[in-house]
Amino acid sequence: MIELKYKKNLLLDLDGTVYQDLESVFGQVSKLMTKYISEKLKVNLVKAKELQTNYFYKYNTSLNGLMIHHDIPPLEFLNYVHNIDLSFMKKDSVLREQLKNLDMRKLIFTNGSADHAKNVLSHLGIEDLFEGIFDITDAKYQPKPEPKAFDLMVKKFGINPKDTIYVEDIAKNLSIGKERGCSTVWLKNNEQWGKIDSDKDYIDYKIENLSLFLKEIRLLKSN
């Protein structure tokens, strides 16, 4: 782990990574997706859910499949499905403390929208600690782990992947990060989609708690 001492950039996924109560947040998003698909394509909720799930597994985001097969307007979709209630979400003072005291650039890399990311980060009380957000619009709607998305992110932030620690809850999204030179970290979870390919050798570290991991890096850097 000593090599992490010299890393300059901390690249974090958003949903399921900066917070882990995925069901409370993404459960709302998923229901809105189903409703949107049902209304837009004029199908019942069962069929809508089936399309949503199939497209997610085949194209890495449901939106990607909807754009390919149904010419869905992406911004309309994103605004609709991210109109959720996060009032239950508490500020994460422990994570804030570790991020604040860690001498690295902090960046968000998400398949969601920037507005959704800002909403989540604001409710967690850590929005001001992040230098930038790279979202699905920045990626020209090419979702992780598409190489194009990763390379556009690198260009936007002006980072060297070899100087970067990349943390994800979806294991397979780390493949391109490792290929480009990042130190890759999988935040362990039992989500069916999250743990696919979690045994692959493109994952350098497996952690259970983001704040504790950041504390370890901070202590390494202080020595």
- line: Quick count over the range 15-45, residues being touching a helix residue (DSSP H, G or I) at 6+ places or on another chain (Cβ under 9 Å) and over 25 Å from Asn190 (Cβ atoms), is 10
- request: Could you identify the single residue in Ile126, Ile68 that is modelled with pLDDT of 95 or more and surrounded by 16 or more Cβ atoms within 10 Å (Cβ to Cβ)?
  value: Ile126
- prompt: Looking at this structure, is Arg218 more than 21 Å from Asn60 (Cα to Cα), touching an Asp or Glu at 6+ places or on another chain (Cβ under 9 Å) and of a type in the set (D, E, K, R)?
  reply: yes
field: Residue that is within 19 Å of Leu22 (Cα to Cα), out of contact with any Asp or Glu (no Cβ under 6 Å at 6 or more places or on another chain), among the acidic types (Asp, Glu) and crowded, with 20+ Cβ neighbours inside 10 Å, where the choices are Asp92, Asp135, Asp115
entry: Asp135
- prompt: Which one is nearest to the chain's Cα centre (by Cα) among residues in the range 1-21 that are within 19 Å of Lys118 (Cβ to Cβ) and not in a loop (DSSP other than H, G, I, E, B)?
  reply: Leu12
Per-region count, the range 31-41, residues within 21 Å of the chain's Cα centre (by Cα) and in contact (Cβ under 8 Å) with a residue 24 or more places away in the chain: 2
task: Please specify each residue of the range 42-77 satisfying the condition of being β-branched (Val, Ile, Thr), over 16 Å from Lys31 (Cα atoms) and either part of a helix (DSSP H, G or I) or without any contact (Cβ under 8 Å) to a residue 24 or more places away in the chain (or both).
output: Ile68
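The values are calculated or read from the model by the stated rules, or taken from the named source; none is laboratory data. None of the values given here were measured: they were computed from a predicted structure. Cβ coordinates were reconstructed from backbone atoms using ideal geometry, including for glycine residues, and neighbour counts include every protein chain displayed.
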